[in-house]
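Take a look at the structure below.
Taken together, the values in this text are just the output of simple stated rules run on the coordinates, not laboratory data. The structure displayed is predicted, hence computed values, not measured ones. Every residue, glycine as well, gets a Cβ built from its backbone with ideal geometry; the counts of neighbours run over all protein chains shown.
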Amino acid sequence: MGSSLDVARWQFAITTVYHFLFVPVTIGMSAVVAYFHTQWVRTHRPEYYRLTKFLGKLFLINFALGLVTGIVQEFQFGMNWSDYSRFVGDIFGAPLAFEALLAFFLESTFLGVWIFGWGRIPEKLHASTMWLTHIGTVLSAYFILAANSFMQNPVGYRFNPETGRAEMADFVAVLTNKVQLVTFPHVLFGSYMVGGAVVMGVALWLLRRDAGTDDEPVYRKAVRVGAVVSLVASLGVVVSGDVQGKIMTEVQPMKMAAAEALYETTDNAPFSVLSIGSLDGSEATRIIEVPGLLSFLGTGSFSGTVDGIDELKDSERAMADEVAAQYGPDVARLVAAEDYTPIIPVAYWTFRLMMGFGFLTMLFAGLALWATRKSAVPQARWWTWVAVLTPLLPVLANSWGWIFTEMGRQPWLVYGLMTTATGVSPSVSVGEVWVSMVVYTLLYAALAVVEVKLFLTYVRKGAEPFVDPAEHADADEDAPLQFAY
Amino acid sequence: MDTLQLVWFGLIGLLWAGYLVLEGFDFGVGALLPSLGVGRDAADTEKRRRVMLTTIGPHWDGNEVWLLTAGGATFAAFPEWYATMFSAFYLPLLLVLVALIVRNMGFEYRHKRDDDTWRRRWDLAIIGGSVAAPFLVGVALTNVVRGLPIDADLEYTGTLFTLLNPLSLLGGLTVLALSLTHGAFFLALKTSGGVREDARRTGTTLGLVTAGLAVVTLLWLGLATGSVWSWVTTVVAAVALLAAIAANTKGREGWAFTGTAVTAATVVATYFLALYPDVMPTTLATGQSLTIENASSSPLTLKIMTGAALVFTPIVLLYTGYTYYAFRKRIGTQHIPTAVAVK
């Protein structure tokens, strides 16, 4: 059966990774749909209307799942991690409440207006509702990442010995945590990369299928807009990721060392692109290795010193001991661990998969942009694979990145302050966690099948023929709505 | 007790009231599909169901955010309350989540394929979710007020069966019945033609059933843990509900809906006034009740949260109000476009 800790961790991993398959699509695609909708309102050119409607439908199919799986996330802290919620709720709860009040209301309310607004509200206002939805998704990302950044690098709190918990000392510090300031752009750019890639992949597939028809220029437009968004965003991902690596080396050195499976402290540390063999340290064989690159990623200098896992193990223990000595036995229990090392192969491989999938997306977006220039249609059969893989790669890059971020922090739940083992709900039985785990997994799997089938059905259907919405304008009171459930 | 602690106790109550008032009617509309969404033939049935779902279409998602905000605000303002409550109601909350998930997916996916089997399945999801969620929320809230076995470490020591006591089950039925009535009055207000007439007729019956259930629940709860003020709100709730039923029989649909909205809000107010000054009373002699004082956040967190609530709540109310204005038109079967969805 395992302990409820293990099951609760798996449950968090499954529900969060699943939820985050839909989140970047929502953030990225809402911006693209809002762009096409704005273009339609500005120019009244049919292709913009058709793309808004078509991509809007795909967006909504995805949004539904992101929404419902997000509710689980907010409840899960209290359900499975009640001791964590007690200990840091004073700080961690605030960004979640802000997220609901500032972001969820905005996003949900205006998306509802957007869906049903066709022909019922002024068109400029209508286009702006998708922008407001987009702003809602971005604000939501900001607050939830501020909460996560607190777990990576706790700032703006103090320990209150009277209540035995961590309490807010400086909310601005929590919202402007240096980890947050670089994670937010990294995640946001990553989401735009996904949004652009989904649009590009879908449109590329249709462009090749419908080449030579009247629809060809419509899909080419979408391919190019999607590819440009993805490509520009990917540059943002690289730059922010680079800064993030340096901040990580500073605030969570163990995570960076784990990312390279670097056991001994090294100057001019190399970065291995591929390796085989056991990663428990002794016999890792690096196949492709770039000298000095890890030092550069971590410190900005090819000859910089990167601390190794063996040394960091001791310094993490010293850090825990110091916290324990300072705050007494209640906290000593929270920071005690047998081993302060994350699972090295997980950190090592997820870091590489994240980067690899990201760079492949960049490559595909660049290729598509080149191949569709001057009214060309990419012909070779392998382009089907580019079309199919482009939406998937950056989504999975996001997943790998999160698995790396969270697994690289272990055994900590809040870095240096609370281990994951001490955060779990004491009153919830293993059986209960198993039940919810099985229920979520089965339900999520079934919904995934339905979602993917529906998504593909709508992709195959393509953009519907243009019907001028202005024709509805003079309709009488009893005329059918342009959209109804 | 600090003023801000009291303010946040009130605000959490307000958020739950907002949730039951707003999502209450969309729960009701979803749960009434099999009764009001039945026409003279299959085509009419389908059109009536689409009318019903379209009335709540622009609103249900925003309505649900009240629940998320109630959860988030409890987390931030009363972390101990959030931790104890959410871990105590583990399995019921799991069911609430499943109910919300399947019904939300139903709203979004039902119309996406022109296929009867597909629609029937999502109808089941919508109906099941819309019945289960308000019932379970009612069970949970009633349990909070009634008291639970909570030990000196503020941990829940009961099981699932502790939660299934007669009073709480009755509370669940009350919230469900109230949501159905509220939903029927909403449909009477927002539709035209057959759905409107049937909603009015069904609404009266549902209203009387609700009145019966609510009276028993609130009396029981009041005698167990009531205060002077909770008796005042109990009376207001009862009067509002009876006035709503009367307004409905006279065809005053706006007043009928306002009446059940006031009932939902005052039922929550009654719960919170009966709860005060606890937030989760214990039934154990050796246990420790969670109180407004011992469950709350630090003064600084409460201050920050108060600032945010003061600035942003009016904005949220303003644009939420706009959506009801933008979609104020009554909908009838003539407004439903022919399905063009994918086979």
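A DSSP coil position with no more than 10 other Cβ atoms inside 10 Å describes the following chymotrypsin sites (Phe, Trp or Tyr not before Pro) in the stretch A:297-402: A:382. Annotation: extensible slack from residue A:173 through residue A:42 equals 43.0 nm (criterion: 0.36 nm per residue apart, minus Cα-Cα distance). The stretch A:48-73 and the stretch A:133-164 have Cα centres separated by 27 Å.
Within the same chain, lysines fewer than 8 places from residue A:178 are excluded, and of the rest, those with a Cα less than 19 Å from its Cα are A:246, A:255.
For chain B, with a Gaussian network of springs between Cα atoms less than 10 Å apart, report the residue from B:275, B:189, B:302 with the top mean-square fluctuation. Among B:275, B:189, B:302, the largest GNM mean-square fluctuation belongs to B:302. Pairs spanning more than 25 Å between alpha-carbon atoms, out of A:453/B:190; A:124/A:453; A:57/B:47: A:453/B:190; A:124/A:453.
Seen from all directions on average, chain A presents a Cα convex hull projection of 25.7 nm².
The amide H of residue A:289, built 1.01 Å from its N in the peptide plane, has A:273 as neighbours under 5 Å, considering only residues 5 or more places off or on other chains.
Peptide A:60-71 is shielded by partner chain Cβ atoms: per residue, an average of 4 of them sit within 10 Å of its Cβ.
Treating r as the C-beta distance of residue B:324 and residue A:289 and R0 as 51 Å, the FRET efficiency rounds to 0.20. By the combined test of axial Cα extent (at least 15 Å) and Kyte-Doolittle hydropathy (mean at least -1.0), the qualifying DSSP H helices of chain A come to A:4-43, A:46-80, A:82-98, A:105-116, A:123-152, A:178-209, A:216-251, A:309-327, A:344-371, A:383-407, A:430-461.
Relative to the longest principal axis of the Cα atoms of chain B, the long axis of helix B:299-326 makes an angle of roughly 10 degrees. Here the contact order of chain A, divided by its residue count and restricted to Cα pairs under 8 Å and six or more residues apart, works out to 22 percent.
Note on A:395, B:21, B:236: ascending count of other Cβ atoms within 10 Å places them as B:236, B:21, A:395, the fewest first.
Only helices enter this figure: runs of n ≥ 4 DSSP H residues, each worth -39500 (n - 2.57), summed and divided by the residues of the protein assembly as shown, yield -25000 deg cm²/dmol at 222 nm to the nearest 500.
Taking other Cβ atoms within 10 Å as a rough exposure proxy, B:218, B:95, B:208, A:417 sort from fewest to most as B:208, B:95, A:417, B:218.
Among B:242, B:94, B:213, the largest mean-square fluctuation in a Gaussian network model of chain B (Cα springs under 10 Å) belongs to B:94.
Can you pull the mean other chain C-beta count within 10 Å for peptide B:313-325? Numbers along the way, then the final one.
Details: counts 2, 0, 4, 7, 1, 0, 7, 4, 0, 5, 8, 0, 1.
Per residue, the number of nearby Cβ atoms from other chains is 3 on average.
Structure note, pairs B:112/B:329; A:461/B:329; B:112/B:250: Cα-Cα distances above 29 angstrom occur for A:461/B:329; B:112/B:250. Less than 5 angstrom separates the built amide H of residue B:332 from those of B:192, all sequence-distant by 5 or more or on a different chain. Simple spin-label estimate for residue A:124 and residue A:435 gives 5.6 nm between the two label positions (7 Å along the Cα-to-Cβ direction from each Cα).
Pairs of Cα atoms nearer than 8 Å and 6+ residues apart set the relative contact order; for chain B it is 27 percent.
With respect to chain B, whose longest principal axis is taken over its alpha-carbon atoms, helix B:166-190 is tilted by about 40°.
Counted by neighbouring Cβ atoms within 10 Å, the residues B:1, A:254, A:200 run from fewest to most as B:1, A:254, A:200. The percentage of C-alpha pairs in the protein assembly as shown whose separation is greater than 41 Å is 36%. Comparing Cα centroids, the stretch A:355-379 and the stretch B:298-325 end up 45 angstrom apart. Extension gain, residue B:293 to residue B:317: 0.36 nm times the residue separation minus the Cα-Cα distance gives 5.7 nm. The slack in the chain from residue B:228 to residue B:283, taken as 0.36 nm per residue of separation less the alpha-carbon distance, amounts to 17.6 nm. Kindly express, to the nearest 10 degrees and within the range 0 to 90, the angle between helix B:90-109's C-alpha long axis and the longest C-alpha principal axis of chain B. So the inclination is approximately 30 degrees. Farthest towards the positive end of the charge dipole of chain A, among the residues A:225, A:32, A:263, is the Cα of A:225, using unit charges on the Cβ of Lys, Arg, Asp and Glu. Each part gets one Cα centre, and for the stretch A:433-450 versus the stretch B:68-114 those centres are 15 Å apart.
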